[in-house]
Amino acid sequence: MATRPISPEDHERVAAAIRAAETRTDGEIYCVVAHASDGYFFPAAFMATAGILIVSLAVGYGLEALWLSIRLPHFVMAQLLALACVLALLWALPGLRIHLVPRRLRYQAAHANAIKQFLARNVHRTTARTGVLVFVSIAERYAEVVADSGIDAKVGQHVWDGVVRDLTAQAGDDRLADGFVKAIESVGAVLAEHFPVTSGDTNELDDHLVEI
């Protein structure tokens, strides 16, 4: 996914896209990009510990097969030393941790963060419950569109899945801002179809990309 920093110009492009989309709908669009959704120290430490135990078993059986022996205290000390070195490495190099965590757990963390942002940014508190969050978590290579209940009643999940596919494809080409702009245009078109703008419409959420 994207590695290039999001520039002030990119932020302005996304904000302009939100403002343009919301001129045609009573719905609200909110965008959040997270650099990572978790620190992953403990999941990575668990996976590393499990790996060391598995390797230790293999080494133990290998030594026995070769008619070699090692004193148990020395073997345990070697395990503890290996574990200490790995944990120190994980602590010193946060970017390494995520590579030890299964994709399913990474996606769970990113999804949980998307829901957290949806609630924390008050996307669920629009008058007609027509708020939509466009969320990306870069480290996990994850994107999600979270729609409030007023929209979910009229728009199927397959629509948002298509938006996410386009967004992740653009982000994968290091064009995250372009992906957000296209996603906003797509979401705006859906909202305009089901919730066209009315004379009493007010802007209930900030029109900018939040970077966390």
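The values are calculated or read from the model by the stated rules, or taken from the named source; none is laboratory data. Please read all numbers here as calculations on a predicted model, not as lab measurements. Don't worry about glycine lacking a Cβ; one is built from the backbone with ideal geometry, like all the others, and counts go over all protein chains shown.
Assorted remarks:
- The residues listed here are 16, 82; of these, the one that is modelled with pLDDT of 95 or more and among the small types (Gly, Ala, Ser) is 16.
- Residues satisfying the stated conditions in segment 125-160, i.e. over 19 Å from residue 21 (Cβ atoms) and of a type outside the set (Lys, Arg): 137, 138, 139, 140, 142, 149, 153, 156, 157, 158
- Residues that are over 13 Å from residue 31 (Cα atoms), over 16 Å from the mean Cα position of the chain (by Cα) and part of a helix (DSSP H, G or I) within segment 112-138 comprise 124, 125, listed in sequence order.
- Residue pairs whose Cβ atoms lie under 7 Å apart, separated by 6 or more positions or on different chains, with the first residue in segment 4-33 and basic (Lys, Arg) and the second assigned to a helix (DSSP H, G or I), are 13/177; 13/181; 24/188; 24/192.
- The residues on offer are 193, 140, and the sole one that is charged (D, E, K, R) and either touching a strand residue (DSSP E or B) at 6+ places or on another chain (Cβ under 7 Å) or surrounded by 17 or more Cβ atoms within 10 Å (Cβ to Cβ) (or both) is 140.
- Test: residue 201 is among the acidic types (Asp, Glu), at pLDDT below 95, assigned by TED's automatic domain parsing to the domain that holds residue 133 and closer than 17 Å to residue 19 by Cβ: yes
Matching residues to (1) touching a Phe, Trp or Tyr at 6+ places or on another chain (Cβ under 8 Å); (2) β-branched (Val, Ile, Thr); (3) surrounded by fewer than 19 Cβ atoms within 10 Å (Cβ to Cβ); (4) on the phi > 0 side of the Ramachandran plot:
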residue	(1), (2), (3), (4)
28	no, no, no, no
32	yes, yes, no, no
35	no, no, yes, no
44	no, no, no, no
49	no, yes, yes, no
70	no, yes, yes, no
108	no, no, yes, no
115	no, yes, yes, no
119	no, no, yes, no
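- Failed condition for residue 59, given (1) in contact (Cβ under 8 Å) with a residue 24 or more places away in the chain; (2) farther than 29 Å from residue 170 by Cα; (3) outside the structural domain of residue 185 (by TED's automatic domain parsing): (1)
- Where residue 30 falls short, out of the listed (1) outside any strand (DSSP E or B); (2) over 30 Å from residue 70 (Cβ atoms): (1)
- Residue list for segment 139-160, restricted to those being among the aliphatic types (A, V, I, L, M) and under 22 Å from residue 206 (Cα atoms): 143, 145, 146, 147, 151
A quick yes/no check of all residues on (1) hydroxyl-bearing (Ser, Thr, Tyr); (2) in the same structural domain as residue 143 (by TED's automatic domain parsing):
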residue	(1), (2)
34	no, yes
49	yes, no
66	no, no
84	no, no
87	no, no
95	no, no
107	yes, yes
118	no, yes
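- Note on segment 143-175: residues that are surrounded by 16 or more Cβ atoms within 10 Å (Cβ to Cβ), in contact with a Ser or Thr (Cβ under 7 Å, 6 or more places away or on another chain) and in a loop (DSSP other than H, G, I, E, B) total 1.
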